[in-house]
1. Would you mind stating whether residue 80 is surrounded by 13 or more Cβ atoms within 10 Å (Cβ to Cβ) and touching a helix residue (DSSP H, G or I) at 6+ places or on another chain (Cβ under 8 Å)?
2. When you look at residue 39, is it within 15 Å of residue 124 (Cα to Cα) and either within 13 Å of the chain's Cα centre (by Cα) or of a type outside the set (Asp, Glu) (or both), yes or no?
3. What are the residue pairs meeting all of these: first residue in the stretch 71-85, first residue more than 12 Å from residue 18 (Cβ to Cβ) and assigned to a helix (DSSP H, G or I), second residue open to solvent by 90 Å² or more (accessible area, probe 1.4 Å) and at pLDDT below 95, Cβ atoms under 8 Å, and 6 or more apart or on different chains?
4. Being open to solvent by 60 Å² or more (accessible area, probe 1.4 Å) and aliphatic (A, V, I, L, M) is the filter here; which residues of the stretch 18-51 pass it?
5. When you scan the stretch 1-45, how many residues do you find that are aliphatic (A, V, I, L, M) and either part of a loop (DSSP other than H, G, I, E, B) or within 14 Å of residue 89 (Cα to Cα) (or both)?
Amino acid sequence: MLAHPVGMMIGFFSVAVLQLIVFLWCFEMVAKYKCWDEIRRGNLAVAMATGGKIFGICNIMRFSIEAHSTVYESLGWSVIGFLLLLAAYFIFEFLTPVFKIDEEIAADNKAVGLISMIISISLSYVIGATIL
């Protein structure tokens, strides 16, 4: 028996919201600053970097939902996509030896926050395109 389209939509949406919360928490754990505290203080660099992560995560989930017919398949592929996005976060930090990305973002360096946002968004398209 096929599921009702509205039921499927609610299922995919519910799983996506829960994933977003968990994935953002993971980013919060690895960042050297507290995202939501910094955003509350008006740190635009953190807001841009966090916004890029939110967009990137949701974009990967979008590709995963489009490519799979079940919530479980979509969940699995979006977790893999998130892990790749998380790896890119560490690579970005490692490949910029002249300064520490997290420290610059915490200090409200808007240029670094913007680049971080663009990297997250851009790579989410690359990751999403590889989801089968």
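The values are calculated or read from the model by the stated rules, or taken from the named source; none is laboratory data. Every value quoted in this text rests on a predicted model; they were computed, and no experiment measured them. All Cβ positions, glycine included, derive from the backbone under ideal geometry; neighbour counts span all protein chains shown. Accessible surface areas use protein heavy atoms only, side chains included; no ligands, DNA or RNA. Shrake-Rupley method; radii C 1.70, N 1.55, O 1.52, S 1.80 Å.
1. On the way: surrounded by 13 or more Cβ atoms within 10 Å (Cβ to Cβ): yes; touching a helix residue (DSSP H, G or I) at 6+ places or on another chain (Cβ under 8 Å): no.
So residue 80 does not fit the description; no.
2. Numbers: within 15 Å of residue 124 (Cα to Cα): no; either within 13 Å of the chain's Cα centre (by Cα) or of a type outside the set (Asp, Glu) (or both): yes.
Against the criterion (within 15 Å of residue 124 (Cα to Cα) and either within 13 Å of the chain's Cα centre (by Cα) or of a type outside the set (Asp, Glu) (or both)), residue 39 does not qualify.
3. 77/132
4. First, pick out the residues of the stretch 18-51 that are open to solvent by 60 Å² or more (accessible area, probe 1.4 Å): 18, 21-22, 25, 29, 32, 34, 36, 40-41, 44.
Hits for the stretch 18-51 are 18, 21, 22, 29, 44.
5. At the first step, the residues of the stretch 1-45 found to be aliphatic (A, V, I, L, M) are 1-3, 6, 8-10, 15-18, 20-22, 24, 29-31, 39, 44-45.
Subsequent filtering for residues that are either part of a loop (DSSP other than H, G, I, E, B) or within 14 Å of residue 89 (Cα to Cα) (or both) retains 1-3, 24, 29-31.
Selection size over the stretch 1-45: 7.
Here's the yes/no breakdown for (1) assigned to a helix (DSSP H, G or I); (2) aromatic (Phe, Trp, Tyr):
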{"residue": "92", "(1), (2)": "yes, yes"}
{"residue": "97", "(1), (2)": "no, no"}
{"residue": "102", "(1), (2)": "yes, no"}
{"residue": "105", "(1), (2)": "yes, no"}
{"residue": "112", "(1), (2)": "yes, no"}
{"residue": "115", "(1), (2)": "yes, no"}
{"residue": "119", "(1), (2)": "yes, no"}
{"residue": "122", "(1), (2)": "yes, no"}
{"residue": "128", "(1), (2)": "yes, no"}
